[in-house]
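Structure record follows, encoded as structure tokens.
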Amino acid sequence: MYLRLPRPMLLGCALLLASSSHGQIGPRTAYRSLISPQEAWRPRSEESRGCDVVVRVKREGGPIVTIVRPTSNRVENPVEIDVRFSPRDAPVDLKTLEFKGAKRLKYLDAYSPVIDLLARVRQFVLPDGSGIRISNYRVPAGRYRFELALKDTAGRESRGEMYIEVAD
């Protein structure tokens, strides 16, 4: 007797079995995992489709947010993300920072559930509060959407999305 599983679930199971620990596949590496393989394969209903742009600004009334890296939507491991914040009229309020991510599930043509990544990236906020610089981080191959939101002390918000495709 055989158990039939949908293709995305089979691939997810294979990836989970191949993963020796959180974010590490095969021999130990010096990379840390921003999104684990388990989180990357969680299914979700339909959402944004087929965006190939690096950055799309949704709302820009608060601080100015500039994506320094990546410079294109295709990146390789280890991933480097460099985002800079600068005040418009009022100082940036880092307490309001939000950083979330989701992986595009190829066979379902949808994104996985949004994962709050702020706890993982808080250590990469620059000491002067002028941005986030993430380097030497490993992300499972695939297409991702990262969401960033930030307010200034006057309560005005800037919100945007960054789309990248990670190749191994």
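Yes or no, residue by residue, for (1) surrounded by fewer than 19 Cβ atoms within 10 Å (Cβ to Cβ); (2) in contact with a helix residue (DSSP H, G or I) (Cβ under 8 Å, 6 or more places away or on another chain); (3) part of a strand (DSSP E or B):
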residue: 72; (1), (2), (3): yes, no, no
residue: 103; (1), (2), (3): no, yes, yes
residue: 108; (1), (2), (3): yes, yes, no
residue: 133; (1), (2), (3): yes, yes, yes
residue: 140; (1), (2), (3): no, yes, no
residue: 143; (1), (2), (3): no, no, yes
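Could you check how many residues of segment 150-168 are surrounded by fewer than 18 Cβ atoms within 10 Å (Cβ to Cβ) and either under 15 Å from residue 68 (Cβ atoms) or of a type in the set (Gly, Ala, Ser) (or both)?
3
Quick test of your reading of the structure: residue 113 fulfils all but one of (1) touching a strand residue (DSSP E or B) at 6+ places or on another chain (Cβ under 9 Å); (2) more than 23 Å from residue 72 (Cβ to Cβ); (3) without any contact (Cβ under 8 Å) to a residue 60 or more places away in the chain. Name the failing condition by number.
Every listed condition holds for residue 113 apart from (3).
Out of 165, 147, I need the residue that is within 25 Å of residue 86 (Cα to Cα) and either acidic (Asp, Glu) or touching a helix residue (DSSP H, G or I) at 6+ places or on another chain (Cβ under 9 Å) (or both). Which one?
Selected residue: 147, the only one of 165, 147 that is within 25 Å of residue 86 (Cα to Cα) and either acidic (Asp, Glu) or touching a helix residue (DSSP H, G or I) at 6+ places or on another chain (Cβ under 9 Å) (or both).
Give me a count of the residues in segment 74-101 that are among the small types (Gly, Ala, Ser), part of a strand (DSSP E or B) and farther than 18 Å from residue 141 by Cβ.
Qualifying residue count for the region: 1.
Readers should treat all values here as calculations from the given coordinates under stated rules, not as data from a laboratory. It should be emphasised that the depicted structure is a prediction, and the values quoted were computed from it without experimental measurement. Note that we place each Cβ from the backbone using ideal geometry, even for glycine, and neighbour counts take in every protein chain shown.
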